[in-house]
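Okay, so here's the structure we're looking at.
The values are calculated or read from the model by the stated rules, or taken from the named source; none is laboratory data. All of these numbers come straight from a predicted model, not from anything done at the bench. Cβ: placed from backbone, ideal geometry, glycine included. Neighbour counts: every protein chain shown. The protein model used for the area step is the full one, side chains on, heavy atoms only, and it has no ligands, DNA or RNA in it. Shrake-Rupley method; radii C 1.70, N 1.55, O 1.52, S 1.80 Å.
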Amino acid sequence: MRRVLPCGERALLVELDGLDDVLALDAAIRAAPLAGIDDVVPAARTVLIHFDPAVVPAVAIVAHVDLLLPPDRRTTAGTGGQSAARQRPEIPRPAEPAVEIPVRYDGDDLPHVAVQLGLTVGELVALHSSCSYRVALVGFAPGFAYMVGEDAELDVPRRTTPRTAVPAGAVALAGGYCGIYPREMPGGWQLIGCTTATVWDERRDPPALLRPGASVRFVIEWQP
Amino acid sequence: MSLTILDPGRLATVQDLGRRGFASLGVGRSGVADRRSAHLANRLAGNDPGAAVIEATFGGLAFRAEIDLVVAVAGAHCPLHAPPRARAGMHLPFALAAGATLRLGAPTSGLRTYVAVAGGGLAVEAVLGSRSTDLLAGLGPPPLAAGDVLPVGDPTLSARRASVPAAADSLAVRPPASPALLRALPGPRYDWFTAAAHGTLGQDTYLVSSKSDRTGLRLVGPPLARATSIELPSEGMVRGAIQVPPDGLPVLLLADHPVTGGYPVIAVVDDEDTDVAAQLRPGDVLRFRWRSRAENATRLGAVASSP
């Protein structure tokens with residue numbers, strides 16, 4: 001059941017079933033912009049809509065979102081919720097080809113991650129580099145994409161003690177996500193390698209290499 | 001180049017109204033922490049509200065005018081030291097002749113003081129459409145340092161002549177109450193917390209810890225207990241959100257908060273009260289007051305209630 005939760009007076013949090021619905025709603029809002037919507041934040045299971053209540057009231061945002069959602073995903077109770085024969089609408093895949101990220105698999109945590117997953121280092125590298133990834137959300141820092149594996153989930157916990165400085169370009173895993181650190185910063189994810197790809201450049205257009213919904217493939221540049 | 005920083009004080013940054021529309025790139029809004037005071041300073045200087053100002057933290061800022069400037073200062077009350085003929089004072093525009101120095105003393109209450117320069121404000125280079133320094137994201141100009149020379153004058157942001165305060169502005173210049181009282185609405189994860197936690201947040205006092213900054217106020221006081229132990233997938237965050245990490249101590253998000261976060265939000269402080277929060281310093285005491293959830297649900301109309 002989808003819900004719309006107020007988040008203060010200037011934002012609404014739309015809860016959805018999963019990433020496909022999030023990306024579909026995010027794309028739909030951008031394609032049919034409503035005056036007064038200041039920003040849209042897609043995340044793994046939600047879309048947060050920032051708006052100016054002086055320009056558009058919350059009820060209008062809710063109505064707008066309802067119209068953009070497929071009938072079986074609407075937030076109002078009229079459709080009677082889920083039915084056994086519910087049709088899943090086709091969520092179009094992005095037209096762009098996958099972004100290829102070259103990786104030197106030399107991360108300090110690589111052996112430890114392999115052990116945690118019950119794999120050899122070679123198996124881990126093969127799995128990570130053969131998996132299709134998709135960007136679920138970009139947050140935490142400019143250009144920091146949270147990527148989910150479509151074929152496999154490499155789920156390891158964060159480090160118990162975060163590092164005070166993770167190098168820019170570090171490729172890391174935590175909580176089922178893969179991320180790439182856009183610049184040197186403190187970080188608690190497990191480092192499996194590094195890339196020379198520039199995921200964030202504020203002077204580039206577009207500044208972020210990875211956007212929500214983008215497909216990503218990791219390519220072995222070096223492995224132990 | 002129109003003014004030279006002599007002393008940034010504890011922290012001084014360039015801020016305007018921030019970056020809008022870049023959340024899906026992981027870029028938060030940033031911008032002035034106390035929008036009301038910054039707006040007043042710009043208005044007194046005859047600037048558009050979007051003009052870039054200097055946000056000084058705990059006063060201490062000192063700079064020299066390299067050309068004739070008109071300046072206005074608003075926010076936390078600081079003693080102002082300038083040549084006598086400048087007739088410098090808070091909350092009114094005054095002239096700084098070329099070569100004159102303005103020095104802010106330390107505020108006895110409040111935290112952030114805004115310095116606006118007539119002619120459209122500071123004209124430093126914008127990044128992603130804004131001249132704001134986002135300390136968390138590392139975007140925009142670096143924090144000000146002694147020796148920095150800043151350009152002034154953006155004709156697109158200077159339309160009016162400098163003005164004098166109207167009666168309503170007296171609200172902005174009154175020192176904040178203590179304890180500060182911040183009104184809040186239930187947040188999206190209100191029901192992840194116990195009834196006792198709801199009661200605690202609406203009644204008890206909290207102290208602003210020294211770990212507070214432009215990202216948010218880290219509060220010390222009774223921890224807020226969770227009703228469920230499920231982990232929250234990261235979701236969009238808002239300024240004014242009260243998020244609760246595992247230790248139960250609330251964090252009130254301010255201007256440089258990250259775009260997304262994984263800690264549940266129990267409440268969201270009213271937008272205008274976040275400007276009050278932006279003036280609270282370590283050691284200050286604050287309380288929250290719940291605004292009615294029923295009132296909010298009525299305003300939202302067609303929102304489905306939670307199953």
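For peptide B:239-252, compute the average count of partner chain beta-carbon atoms within 10 Å of each residue's beta-carbon.
Per residue, the number of nearby Cβ atoms from other chains is 1 on average.
Could you work out the local net charge near A:ASP151, counting Lys and Arg as +1, Asp and Glu as -1, over the other residues with Cβ closer than 13 Å to its Cβ?
Around A:ASP151, the charge tally is 0.
Please sort A:2-14, B:33-45, B:57-69 by packing, taking for each peptide the average over its residues of neighbouring beta carbons within 10 angstrom, highest first.
Descending packing order for the listed peptides: B:33-45, A:2-14, B:57-69.
Check which residues have an amide H placed less than 5 Å from B:VAL70's amide H, if you skip close sequence neighbours.
B:LEU96, B:ALA118
Once amide H atoms are placed 1.01 Å from N in the peptide plane, what residues at a sequence separation of 5 or more from A:LEU137, or on another chain, have their amide H within under 5 Å of its amide H?
A:TYR146
Please compute the contact order of chain B in relative form: average sequence separation of alpha-carbon pairs under 8 Å and at least six residues apart, divided by the residue count, as a percent.
Rounded, it is 21 percent for chain B.
Determine the shielding of peptide B:259-270 by partner chains: average, over its residues, the number of Cβ atoms on other chains within 10 angstrom of each Cβ.
4
Just the accessible area per residue of the stretch B:197-255, please: how many Å² with a 1.4 Å probe?
Averaged over the residues of the stretch B:197-255, the accessible area is 39 Å².
Under 5 Å between amide hydrogens, which residues at least 5 positions from B:LEU181 or on another chain qualify, with H placed 1.01 Å from N in the peptide plane?
Correct list: B:ARG287.
How large is ³J(HN,Hα), in whole Hz, for each residue of the stretch B:196-202 in order, when computed from phi with the Karplus curve 6.51 cos²θ - 1.76 cosθ + 1.60 and θ = phi - 60°, using x for Gly and Pro?
For the stretch B:196-202, the Karplus-derived couplings read 4, 5, 4, x, 4, 5, x Hz, x marking Gly and Pro.
Using θ = phi - 60° and the Karplus relation 6.51 cos²θ - 1.76 cosθ + 1.60, list the HN-Hα couplings for the stretch A:148-158 in order, rounded to whole Hz, with x at every Gly or Pro.
10, x, 7, 9, 8, 10, 9, 9, 10, x, 5
Between the stretch A:102-153 and the stretch A:1-40, what's the alpha-carbon centroid distance in Å?
Using only Cα atoms to place each centre, the spacing works out to 29 Å.
Can you give me the % of accessible surface on the protein assembly as shown that is carbon or sulfur? Probe 1.4 Å, all protein chains present, nothing else counted.
The nonpolar share, carbon plus sulfur, comes to 55 percent.
Shape of the stretch B:212-270 from its Cα gyration tensor (a ≥ b ≥ c, root eigenvalues): rounded if a/c is under 1.5, otherwise prolate when a/b > b/c, or oblate?
Cα axes put the stretch B:212-270 in the oblate bin.
Assigning unit charges at the beta carbon (Lys, Arg +1; Asp, Glu -1) and nothing else, what dipole magnitude in debye, to the nearest 20, does chain B show about its Cα centre?
Here chain B has a charge dipole of around 500 debye.
To the nearest whole number, what is the average tally of beta carbon atoms from other chains within 10 Å of the beta carbons of peptide A:39-52?
The mean count of partner-chain Cβ atoms within 10 Å per residue comes to 5.
Run the simple label-point estimate for B:THR205 and A:ALA197 please: 7 Å along Cα→C-beta, distance reported in nm.
For B:THR205 paired with A:ALA197, the spin-label model returns 5.4 nm.
What number comes out for the charge environment of A:TYR105, summing +1 per Lys or Arg and -1 per Asp or Glu over other residues with Cβ under 13 Å away?
It works out to a net charge of -4.
Mind checking which of B:SER229, B:LEU253, B:LEU207 is farthest towards the positive end of chain B's charge dipole, using Cβ charges of +1 (Lys, Arg) and -1 (Asp, Glu) about the Cα centre?
B:LEU207
Along the stretch B:84-96, what does the Karplus equation 6.51 cos²θ - 1.76 cosθ + 1.60 (θ = phi - 60°) give for ³J(HN,Hα), rounded to whole Hz, x for Gly and Pro?
x, 6, 6, 6, 6, x, 5, 6, 7, x, 8, 9, 10
Report the B-A buried area as the accessible area lost on both sides summed, probe 1.4 Å, in Å² to the nearest 100.
3400 Å²
Say we join alpha carbon atoms closer than 10 Å with springs in a Gaussian network model of chain A; which of A:ALA174, A:ALA136, A:ALA60 then has the biggest fluctuation?
A:ALA60
When Lys and Arg each count +1 and Asp and Glu each count -1, what net charge do the other residues less than 13 Å away from A:ALA141, Cβ to Cβ, add up to?
Taking every Cβ under 13 Å from that of A:ALA141, the sum is -3.
Just to make sure I understand: if all protein chains stay in place, what is the order of B:PHE22, A:PHE218 by accessible area at 1.4 Å, largest first?
Of B:PHE22, A:PHE218, the descending order of accessible area is B:PHE22, A:PHE218.
With everything on Cα atoms, drop me the angle between helix B:35-44 and the longest principal axis of chain B, reported from 0 to 90° to the nearest 10.
20 degrees
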